[in-house]
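One structure is given below, encoded as structure tokens.
Values in this text are rule-based calculations from the coordinates and carry no lab data. Here the structure is a predicted model, which means the values were calculated and not measured. Methodologically, a virtual Cβ is constructed for each residue, glycine included, from the backbone with ideal geometry; neighbour enumeration extends over all protein chains shown.
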Amino acid sequence: MDVIHDDYQVQFDEASSTVRCQGSFRLHGDEYKPILDLLINAADMKPATLTLDVRELQFLNSSGINTLSKFILQVRKHQVSQVVVRGSTRFPWQEKSLINLQRLLPELKLAIE
Amino acid sequence: MAQTFGKFIEQQSGHGEYLKIGFYPTSIPLQQRWRNNGLSADFLADYLSTFFPGDDPASAERKKEIKDAVSYVANELLENAMKYSYASSQHRVSIEMFLESHAVSLYSINGVAPDGIEPFQRFIQRLLSEDLDKLYTEQLERSAADESGAASGLGFLTMLNDYKATMAWKFSSPAPNSDEVAVTTMVKLPV
């Protein structure tokens, strides 16, 4: 159920409860559906710790911010998992915008390296 | 007559350093056009970064920041312009970038559907008058809970909040006695 495309890839590693996003998320509306389905599925497994690794995600448009927000909302609904978001200083948007996810889930842990 | 929101600054093509890209939105379907938005945004960002030379770590970091910001803003402006461009509009969609001494300004122009003008202007007034922090959280909650994937305004809020941009808008008719309305969105980024 991984999402593999020329410009972006999303993989869910069930063993480590980690969703890895890579490439460039500049999709249009419904194009985000397969990615959202994968994220919601990961949230619905209700692991103790759920990691969202975006260190290799070069770009995220506002529809992508919306998609990640829906994922965070699903985790918040279950009230079970601790979310860890792993980012990188290599892509400046990550330091600027990932923190906004804490608006939806203040206990979300943000690790930018 | 033109109506402006925020501190709109008129720019004149032909002065200083600038780059303009024009599109005819109805010529190919939106889906096929979409990829072009990213390519155009990256082109603008790459082009601009050559004006910020220097290989020392501080200059390289500054260049990376500017490139990232222009790429995000230009892509959002183009996505909005393509998404909301009025189908019957004779207006081309365009994006212009001006390099100034302490800022980069981007201007996108697109036609607006008549019934879209009022809600858009209401949202602009909220962006210009309300507490951004509160508004950002409100819109994030609202759009994340919304199944329809309707307009969220998150692109504009990200520019204002995360990229510290100054924004303004101008609504005008392209010709006298024309019912058509075009909106120019101005985004000024500090550099």
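Condition check: surrounded by fewer than 20 Cβ atoms within 10 Å (Cβ to Cβ) and touching a residue at least 12 places away in the same chain (Cβ under 8 Å). Does residue B:78 satisfy that?
In short, no.
Got a sec? Which strands (runs of 3 or more DSSP E) wholly within segment A:1-89 have at least 1 residues that are at the interface with chain B (Cβ under 10 Å from one of its Cβ atoms) and in contact with an Asp or Glu (Cβ under 8 Å, 6 or more places away or on another chain)?
Strands (runs of 3 or more DSSP E) meeting the threshold: A:18-25.
Residues of segment A:4-31 being small (Gly, Ala, Ser) and farther than 14 Å from residue A:60 by Cβ, which ones?
To start, the set of residues in segment A:4-31 that are small (Gly, Ala, Ser) comprises A:15-17, A:23-24, A:29.
Matches in segment A:4-31: A:15, A:16, A:17, A:29.
Among the residues that make up segment B:61-70, is at least one of them touching a residue at least 12 places away in the same chain (Cβ under 8 Å), within 14 Å of another protein chain (Cβ to nearest Cβ) and farther than 22 Å from residue A:94 by Cα?
no
Go through segment A:78-90 and give me each residue that's more than 14 Å from residue A:65 (Cβ to Cβ) and either touching a helix residue (DSSP H, G or I) at 6+ places or on another chain (Cβ under 8 Å) or in contact (Cβ under 8 Å) with a residue 12 or more places away in the chain (or both). Let's see the steps before the verdict.
In the first step, residues of segment A:78-90 are kept if they are more than 14 Å from residue A:65 (Cβ to Cβ); the result is A:78-84, A:86, A:88-90.
A:78, A:80, A:81, A:82, A:83, A:84, A:86, A:88, A:89, A:90, listed by residue number.
Just a yes or no: is a residue in segment B:156-173 loosely packed, with under 13 Cβ neighbours inside 10 Å, over 15 Å from the mean Cα position of the chain (by Cα) and among the polar types (S, T, N, Q)?
Checked segment B:156-173: no residue is loosely packed, with under 13 Cβ neighbours inside 10 Å, over 15 Å from the mean Cα position of the chain (by Cα) and among the polar types (S, T, N, Q).
Could you look through segment A:42-70, keep only residues that are touching a residue at least 40 places away in the same chain (Cβ under 8 Å) and of a type outside the set (A, V, I, L, M), and pick out the one that is nearest to residue B:152 (Cα to Cα)?
Only one residue tops the list, namely A:67.
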